[in-house]
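What follows is a single structure, written as structure tokens, with notes after it.
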Amino acid sequence: MRQLSCALIFLLFLSCPVWGQSLPWMDSFADNDLAGWTIVDDEPSRDGPGLWRVDEQALRQTSNIYYGLTPEEEYAKFLGTHIHAGNPEWKDYAFNCLMRSEDDDGIGILFRYRDAHNYYRLILLDDTNNRGPFTRLQKYVDGVMTTLQENESTAKAIPVGWFSVTADVRQDRIKIYLNGALLFSTTDATFSSGGIGFMCYANSGAHFDSVRVTSETLVYEKPVNLIPVVPRLPYIQSTTQHSVQIAWCSSAAAIGAVEYGTTLDYGSKVQEDSLGWKHWLTLTGLEPDTRYFYRVSNNGAVVTEGDTFRTARPVADPFASFLIWGDSGTGSATQYGVAALMEQQQVDFCLHVGDVSQSNGSEYDNIFFKPYKNIVKSRPVFTSIGNHDTYYDQAATYLDNFYLPHNNPDSTERWYSFNWGHVHCIALDSNMDFNPGSPQYAWLVDDLNSESRRQTTWTIVYFHHPPYSVGWDVWAGDTRVQQILQPLFETQGVDMVFNGHTHDYERGYLNGVYWIITGGGGGGLDVWGRDYSHVAKDIYEFHYTRVDVVGDSLHLQAVSINNQIIDDLHIRKGDPPPLEPEGKTERENNDTAALATTMAVGDTLSAAFSSAADVDWFRFKLLATHLYYFTSYASLPTQLEPDLALYYEGDYETNLLNASVRGRNNGGDFRLAGFLAQKTGYYYAKISNPVGVTGSYRLRLVGGRGVQDLFQHEPDNTPAQAGLRPHLVSGDTLNSAIFPADDKDWYRLAGQAGQAFELGVIPLKDLAIRDVDTFVALLDSNGTVLAENDDRGVEVVSTGETMNNTFSVITGVFPYTGVYFLTVECYYTSTRDGVNHANPGVGEYRVVFTSQQRTAVRHEDLAVPTGYALHANYPNPFNQSTALSFDLPKQERVVVEVLDLLGRRVALICQAVKPAGCYRLLWNGADQRGRPLPSGLYWARLSAGSFSRTIKMMLLR
């Protein structure tokens, strides 16, 4: 038997497919197509169809499709979808391949394949909910599945990362190898010849590569990962009073070294004794609470120099400070915005409550180490595991990238504790079992009663899943945490628990324990779903949280991406519990103006119609010549349609909204946008229930800026008037307003041919995206429209690309050097879709303009495609957003829409006439009203002329 050593980059055979019916036969998918392969979905199936494609020179299957309409049918066969190739007359051969699975459901190979109901197969499955883990060698004969050999154990069936599989068949002898080691050996004469293939059962993350079929016996060994490691700057890990770990990555194998000392002369040095790409060195013998300088080198070449770290404070030190955040995003602008604010904070250490990767946990450079490079180089970030961190290789990549404490009997970094000064911090993994009797629970109880904890004053616990969630409409909290951890923390005197998972900020208090959700690190924000009486704050902004401890006092501040303090809490050990949350709900009975609930600008509160005839009144003070925004949102059920009338105090007959600005009904919610108060005083809002449906809703009152500050650029209603004002220059941010409804603002700017730019409007910091309905256009010097956008997202000049981030922004490359104009107006005008008197969309906005000397569009992106195509979305599955690409060989009217599994449209991404070209859209997982959709499977459909194509997408929250 000959064994072949495999590498994921440099395979020891042809790198392009060899098509034909004779052996040897091979395919490394270098041509990025499925030529020679046939896809078959096993019927009846659910969650289909199968989604096979070649991506980055590897075969992938990304559908969750599985066979059977009942559990009995499903578990009798473990089928879903398969793909096959080769010659049905092949007899004796060795079939080798590489495989990798990001899912824990069934993945396998087929051999001596005759047809969809007759073949041999090997299946590996780990999911305990689907009766795993197991590995089975089976035959499928006329639709009946029979197991020839089986390996059932508590160990994982699917190896981590890429692994090799070999089926060697000679007459009636069958041998199966896994990573070069013999797994099964048996005899069976049912099939004497047939092709080869791959199969998936409910596995949406399957990868296959390096297929080779030979007449001689050949067995792949365990693959060696030769993919170059992405260079990574040094980062601090697991700091203690007397030690610290410094890790980094190099692009080539090197001997790494760290020099360190209390001055820039360094003086001490540790060095690796072997070559490697991943470097990790421990510095020991350090002094507590001491600043050290360090220099990192590879093979003597300096990587970084002059950076610093500080060792942990001793337990007697009364001071400690740390940042805490979670649900970081995937390298988005909001993630970088929050990171930039955190960089400025001088703190001892940082905590992360999970979803360190808001993607699938397959890599951490672009979504953690790069955004936070200026934090991790000097302060340790003690992370915990979120659900997204587990989607790829069951968190193996996460565990391989972070060097964390593992002070538990299992020596795992999934749960651990550490002291910093007189603060005891406990990290848990809420994805793992924490029931009483589990290893994690047993360790937790021991740690809460440990001497290490008793030495400290404060106990902080952090993990991903919160027990209660106000701010996520489709998820109310983790009942396991409520039932198991919450009572334990209460009896053990835990001071504060930090969680994520819900993408907002929340603060609650229950039986001596503060519960904080700080999930606004950069992942898309969630929307309100319900109220809990113990939750005093729920704020829907990107943010981070800072905690400062001095002796028996603790000060907590949550800071938004706009650098505004959104929560400020001072507590002292032994103080009485805080008062019940105030101002969270309307005051019942508020059915008359005399009993109106008082609000202030900046308030959000919950309200309800307790009966069909219920009416709610609210009272607030407004200032003359100031703009305000009063909206309802999150109405439940969706049939609820709260209706708004507005009155001056004392005159409850004259509705002020009989003017051009008035509220609207829109799927259950009204919006009073850009309301200009005519006089200073108290105003009364009457919320009625015309539909007569009982239910709940939320109210929000924001704004309050004077119009004299917003209209300083007026007049600017023509190109000539714009020419009298200062030109927009790159880096400008200018606050302005559309008022009244027929207002149109013109801005003049200069652009250079080939210069990349981003131009348009974004909301002010306290306004929601759709408080103001803007329509922007970029025009040339003759007034010809080059691009326009009605808050669909970013419209890209030259390629027509749309990025659905809901801002009215145009981006691309200036086609000539000279003068351009930007216009901003209300979307609803007499020349576009008619005047909507109930929703003029007037109000404030911020102009943004950036440009730089680079080409933003690649030459190949401008080539005219030869045919229609809708390509598979990426990433898939996804959380925050996914990209959809399609090709048009000629100008067509294009509709790109998202459908649910019943075929109902839930989002319209694009509807426009597009010239020939290649296009790329981003969908943010929201419905047509901008509300995040729940996790699940969705269809994306492209319609262009007579062409129509549909693909399946999986959204994971």
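The values are calculated or read from the model by the stated rules, or taken from the named source; none is laboratory data. A quick note: this is a predicted structure, and the numbers were derived from the prediction, not measured. Cβ: placed from backbone, ideal geometry, glycine included. Neighbour counts: every protein chain shown. Accessible surface is based on the protein model in full, side chains and every heavy atom, while ligands, DNA and RNA are left aside. Shrake-Rupley method; radii C 1.70, N 1.55, O 1.52, S 1.80 Å.
Hand me the list of strands (runs of 3 or more DSSP E) wholly inside region 499-611 holding 2 or more residues that are among the hydroxyl-bearing types (Ser, Thr, Tyr) and within 30 Å of Thr882 (Cα to Cα). Lay out the reasoning, then the answer.
Values: elements: 505-510, 513-518, 535-539, 543-550, 553-560, 565-572, 604-609.
Answer list for region 499-611: 543-550.
Just one of the listed residues (Tyr67, Tyr75, Tyr119) is in contact with a helix residue (DSSP H, G or I) (Cβ under 7 Å, 6 or more places away or on another chain) and either aromatic (Phe, Trp, Tyr) or surrounded by fewer than 21 Cβ atoms within 10 Å (Cβ to Cβ) (or both), and it is Tyr67. Take Ser321 and tell me if it is surrounded by 16 or more Cβ atoms within 10 Å (Cβ to Cβ) and without any contact (Cβ under 8 Å) to a residue 60 or more places away in the chain. Here the answer is no, as Ser321 does not meet what is asked.
Within region 597-624, no residue that is not assigned by the TED database to the domain that holds Ser688 sits with its Cβ atom under 9 Å from a residue that is assigned to a loop (DSSP other than H, G, I, E, B) at 6+ positions apart or across chains. Taking strands (runs of 3 or more DSSP E) as the structural unit, those lying wholly within region 18-98 and holding at least 1 residues that are under 21 Å from Thr214 (Cα atoms) correspond to 25-27, 38-41, 59-61, 81-85.
Residue-wise test of (1) among the small types (Gly, Ala, Ser); (2) under 30 Å from Phe309 (Cβ atoms).
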site	(1), (2)
Gly132	yes, no
Thr135	no, no
Ala167	yes, no
Gly180	yes, no
Asp188	no, no
Ser204	yes, no
Leu233	no, yes
Gln245	no, yes
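Residues in region 98-154 that are under 16 Å from Tyr177 (Cα atoms), among the polar types (S, T, N, Q) and touching a Lys or Arg at 6+ places or on another chain (Cβ under 7 Å): Gln138 only. Here's a check for you: in region 339-354, which residue that is modelled with pLDDT of 95 or more and open to solvent by less than 10 Å² (accessible area, probe 1.4 Å) is nearest to the chain's Cα centre (by Cα)? Looking at the filtered set, the residue picked out is Gly354.
Looking at this structure, is Arg313 under 32 Å from the mean Cα position of the chain (by Cα) and surrounded by 19 or more Cβ atoms within 10 Å (Cβ to Cβ)? Spell out how you get there, then give the answer.
On the way: under 32 Å from the mean Cα position of the chain (by Cα): no; surrounded by 19 or more Cβ atoms within 10 Å (Cβ to Cβ): yes.
No: the conditions fail for Arg313.
Kindly state which strands (runs of 3 or more DSSP E) lie completely within region 194-295 and contain at least 2 residues that are touching a Pro at 6+ places or on another chain (Cβ under 7 Å).
Answer list for region 194-295: 206-214, 232-237, 244-254.
A Cβ distance below 6 Å, combined with a sequence gap of six or more or placement on separate chains, defines the contacts here; from region 166-177, residues that are farther than 15 Å from Glu216 by Cβ reach residues that are small (Gly, Ala, Ser) in the pairs Asp172/Ala189; Ile176/Ala167.
Among the residues of region 264-284, those that are open to solvent by 70 Å² or more (accessible area, probe 1.4 Å), over 35 Å from the mean Cα position of the chain (by Cα) and touching a residue at least 24 places away in the same chain (Cβ under 8 Å) comprise Leu264, Thr284.
To keep it simple, each residue is scored yes or no on (1) over 22 Å from Val481 (Cβ atoms); (2) among the basic types (Lys, Arg).
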residue: Phe368; (1), (2): yes, no
residue: Ile375; (1), (2): yes, no
residue: Arg379; (1), (2): yes, yes
residue: Glu413; (1), (2): no, no
residue: Gln455; (1), (2): yes, no
residue: Trp458; (1), (2): no, no
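Just so you know, in region 1-47 the residues that are small (Gly, Ala, Ser) and closer than 23 Å to Arg114 by Cβ include one that is modelled with the highest pLDDT, and it is Gly36.
Is it the case that Gly194 is surrounded by fewer than 14 Cβ atoms within 10 Å (Cβ to Cβ) and at positive phi?
On the way: surrounded by fewer than 14 Cβ atoms within 10 Å (Cβ to Cβ): no; at positive phi: yes.
Taking the combined requirement at face value, the residue does not satisfy it.
Looking at region 895-932 only, could you name the residues that are touching a Pro at 6+ places or on another chain (Cβ under 7 Å) and open to solvent by 30 Å² or more (accessible area, probe 1.4 Å)?
At the first step, the residues of region 895-932 found to be touching a Pro at 6+ places or on another chain (Cβ under 7 Å) are 916, 918, 925-926.
Within region 895-932, Ala916, Cys918 meet the criteria.
Would you please name the residue that is surrounded by the most Cβ atoms within 10 Å (Cβ to Cβ), looking only at residues in region 132-186 that are assigned to a loop (DSSP other than H, G, I, E, B) and in contact with a Leu (Cβ under 8 Å, 6 or more places away or on another chain)? Out of the qualifying residues, it is Ile158. Answer yes if at least one residue in region 775-794 is surrounded by 21 or more Cβ atoms within 10 Å (Cβ to Cβ), at pLDDT 70 or above, out of contact with any Asp or Glu (no Cβ under 8 Å at 6 or more places or on another chain) and not assigned by the TED database to the domain that holds Thr334, and no otherwise. Scanning region 775-794 turns up no residue that is surrounded by 21 or more Cβ atoms within 10 Å (Cβ to Cβ), at pLDDT 70 or above, out of contact with any Asp or Glu (no Cβ under 8 Å at 6 or more places or on another chain) and not assigned by the TED database to the domain that holds Thr334. Applying the criterion of being in a loop (DSSP other than H, G, I, E, B) and within 34 Å of the chain's Cα centre (by Cα) to the residues of region 621-641, the residue that is nearest to Phe670 (Cα to Cα) is Glu641.
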